[in-house]
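The values are calculated or read from the model by the stated rules, or taken from the named source; none is laboratory data. None of the values given here were measured: they were computed from a predicted structure. Here Cβ is always computed from backbone atoms with ideal geometry, including for glycine, and neighbour counts include all displayed protein chains. Note: accessible area is taken over every heavy atom of the protein model, side chains too, but ligands, DNA and RNA are not part of it. Shrake-Rupley method; radii C 1.70, N 1.55, O 1.52, S 1.80 Å.
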Amino acid sequence: MQVTETLNEGLKRGYAITVTAAELDAKVREKLEEAAPEIEMKGFRKGKVPFALLKKQFGPRLLGEAMQEAVDGAINSHLEASGDRPAMQPEVKMTNENWEEGQDVEVSMTYEKLPQVPEVDLSGVEITRLTVKADEASIEEALTNLAETSKQFEDRRKGSKAKDGDQVVIDFVGKVDGEAFEGGSAEDYPLVLGSNSFIPGFEEGLVGVKVDDVKDVEVTFPENYGAAHLAGKAAVFTCTVKAVKEPKAAELNDELAKQFGAEDLAGLKTQIATSLEGEFAGAARAVAKRALLDKLDTLVSFELPESLVEAEAGQIAHQLYHEEHPDDHNHSHGAIETTDEHRKLAVRRVKLGLLLAELGQKNEIKVTDSELTQAILNQARQYRGQERQFFEFVQQNAAARQQIQAPIFEDKVVDFIFSQVKVDEKDATKDELQAAVEALDVE
């Protein structure tokens, strides 16, 4: 087997790999000899099939396996000897496309290797982290919001018309082309007008109804509706109004507090203060993390694999497209062009990603099995009724596990860097913190 360098420019590497016919034949023979004792064939006892017959029967399939193993072995040996770490999967292809049995196999391999990340001096790095306490106004605002979410609905005076924000209790039957459809009917359904929980036009069509009214509400299902057989179809819902109720905010008292697991209103305020300060700390960390990454970005400079930058720029462009076109779910938009801004952001992300990975590796920072399992369980809770299937999918899918593990690893590395640099705590108001968070989206 022979490996010859054909390209060495920056991080780009290219090699020609030759696997001789004799090497392939030896591998096939080895495989046949290993399997021969267990092979049975009509007219021969187990393990007594002539070698020539075995080769004729199984040789072609084993030859393909031998070729793959030989090439994979050559690649692995080269990477181990050179110490190269490909930035992405190497591109491997046969160069003698008209290959016939008995000939050498010639393969080309190209890749970009990951760069050597230079040492970074953290001694002069200073970061300011905002500290925000929960003030009385924030606590009262949160209490008011809790009362709003805990509101009850009481019957309006007989004959009153339903307003936006009211709850109507209805029976309804939906029809398309005069035929009722599955899932389009319900009884005693409580619907808050203005909640946007039904398809567009449905709730608006019930504003102004009274108890005992029967009203046909005409709507059109959205083009991207989940049920394909209803998407874009006009429908008529015949609704019978059984109750019209107005919202009543819950009173701020001990009874409300008990609904949220507190002994009394004072205890609920303490819970809210703790929760708010946890939220403030998380937001302050995000602001400090951005400042830290900005400083790290200026401390080192090194060549980046073009393939990683291009891939990252493509992902950024794709993500931003879907943020700007939230109704486009089918990914039939074709190619999305990357811009200079996409590439600039990609360069930063790739650079910082490689730097954080290097710092994590050098300082033996790892994501433990228990940390990864807990993160998977947390995400699984988002899939009600399918938690087990999600958990099993992630356990069996290395890419999915890596996607969950990556941000945990990054946060652990960032926390390590925070422990190595000077962090000044600065008291701030909620508004100041909010302004700093909003500035993250602008940059």
Completion exercise
Contour minus Cα-Cα span, Glu187 to Phe260, at 0.36 nm per residue, comes to 23.2 nm
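Order 27-40, 409-422 from most to least packed using the mean count of other Cβ atoms within 10 Å.
Working: 27-40: 14.1, 409-422: 15.6.
By packing density, highest mean first, the sequence is 409-422, 27-40.
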Exercise for the section: Please calculate the 1.4 Å probe accessible area of Phe237, with all protein chains present, and give it to the nearest 10 Å². Expected result: 10
Completion exercise
Note on the stretch 206-271: alpha-carbon gyration tensor, axes a ≥ b ≥ c; rule is a/c under 1.5 for rounded, else prolate if a/b larger than b/c, else oblate; result oblate
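So what's the convex hull volume per residue for the Cα atoms of the stretch 325-385, in Å³? All intermediate terms of the calculation are to be shown ahead of the outcome.
Numbers: hull volume 9.1 nm³, N = 61.
Taking the convex hull of the Cα positions in the stretch 325-385, it is 150 Å³ per residue.
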Exercise for the section: At 1.4 Å probe size, with no ligands or nucleic acids counted, give the accessible surface of Tyr225 in Å², nearest ten. Expected result: 90
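Need one word for the stretch 1-85: rounded, prolate or oblate. Basis is the Cα gyration tensor (sqrt eigenvalues a ≥ b ≥ c); a/c below 1.5 gives rounded, then a/b vs b/c decides. Intermediate values should be presented prior to the final figure.
Details: a/c = 4.53, a/b = 3.38, b/c = 1.34.
Because a/c hits 1.5 or more and a/b exceeds b/c, the stretch 1-85 counts as prolate.
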Practice task
Under 1.5 on a/c is rounded, so check that first for the stretch 296-443, then, if it is not, pick prolate when a/b is larger than b/c and oblate when it is not; a ≥ b ≥ c are the square roots of the alpha carbon gyration tensor eigenvalues.
Solution key: rounded
Problem - Loop-resident sites, the stretch 88-161, for GluC sites (Glu not before Pro), counting at most 11 other Cβ within 10 Å (DSSP) - result: Glu97, Glu100, Glu101, Glu119
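Once R0 is set to 45 Å, what does the formula 1/(1 + (r/R0)^6) return for the Cβ-Cβ distance between Leu299 and Thr4, expressed as a FRET efficiency to the nearest 0.05? Intermediate values should be presented prior to the final figure.
Details: r = 39 Å, r/R0 = 0.87.
Efficiency, rounded to the nearest 0.05: 0.70.
For the pair Ala227 and Leu79, what calculated FRET efficiency results from E = 1/(1 + (r/R0)^6), where r is the Cβ-Cβ distance and R0 = 41 Å, to the nearest 0.05? Show your work: numbers first, answer last.
On the way: r = 50 Å, r/R0 = 1.22.
According to the calculation, E is roughly 0.25.
State the extension gain, in nm to one decimal, for the chain segment bounded by Ile408 and Ala180, taking 0.36 nm per residue of separation less the distance between their alpha-carbons. Let's see the in-between values first.
Details: separation 228, 0.36 × 228 = 82.08 nm, distance 4.94 nm.
That pair, Ile408 and Ala180, stretches by 77.1 nm at full extension.
Suppose the chain between Thr18 and Leu122 were pulled fully straight at 0.36 nm per residue; how much longer would it get relative to their current alpha carbon spacing?
Working: separation 104, 0.36 × 104 = 37.44 nm, distance 4.70 nm.
Answer, rounded to one decimal: 32.7 nm.
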Completion exercise
For His322, the accessible surface traced by a 1.4 Å probe with all protein chains present amounts, in square angstrom to the nearest 10, to 40
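What accessible area per residue, rounded to a whole number of Å², is obtained for the chain using a probe radius of 1.4 Å? Intermediate results must be reported in sequence, preceding the final value.
Working: 27590 Å² over 443 residues.
Computed with neighbouring chains in place, this is 62 Å² per residue.
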Completion exercise
P(r) of the chain over all Cα-Cα pairs, 10 Å bins starting at 0, rounded to whole percent, reads 3, 11, 15, 19, 18, 13, 10, 7, 3, 0
Exercise for the section: Kindly list the residues of the stretch 119-150 that lie in the label zone of Val421, defined by a backbone N under 14 Å from the point 7 Å along the Cα-to-C-beta vector. Expected result: 120-130
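Report the relative contact order of the stretch 1-145, percent, no decimals, based on alpha-carbon pairs under 8 angstrom and at least 6 residues apart. Before the final figure, lay out each step's value.
Details: 154 pairs, mean separation 40.1, N = 145.
Rounded, it is 28 percent for the stretch 1-145.
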Exercise for the section: Would you mind checking Lys133/Lys295; Lys161/Lys242; Lys133/Lys430 for any pair whose Cα atoms are more than 19 angstrom apart? Expected result: Lys133/Lys295
Handout entry: Farthest positive-ward along the stretch 1-122 dipole, Cα basis, beta-carbon charges - from Ala52, Thr4, Ser77
Key = Ala52
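Under 8 Å for C-alpha pairs, at least 6 residues apart: give me the relative contact order for the stretch 134-201, rounded to a whole percent.
Values: 50 pairs, mean separation 18.7, N = 68.
Once normalised by length, the contact order is 27 percent.
Considering only protein heavy atoms and a 1.4 Å probe, what is the carbon-and-sulfur percentage of the accessible area of the chain?
On the way: 13170 of 27590 Å².
Of the solvent-accessible surface of the chain, carbon and sulfur hold 48 percent.
With respect to the cross-link table entries Lys351/Lys422; Lys289/Lys362; Lys245/Lys269, which display a Cα-Cα separation exceeding 27 Å? Walk me through the intermediate numbers first.
Working: Lys351/Lys422 23 Å; Lys289/Lys362 20 Å; Lys245/Lys269 30 Å.
Distance filter (> 27 Å) returns Lys245/Lys269.
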Problem - Relative contact order of the chain, pairs being alpha-carbon contacts under 8 Å that are 6 or more residues apart, as % - result: 17
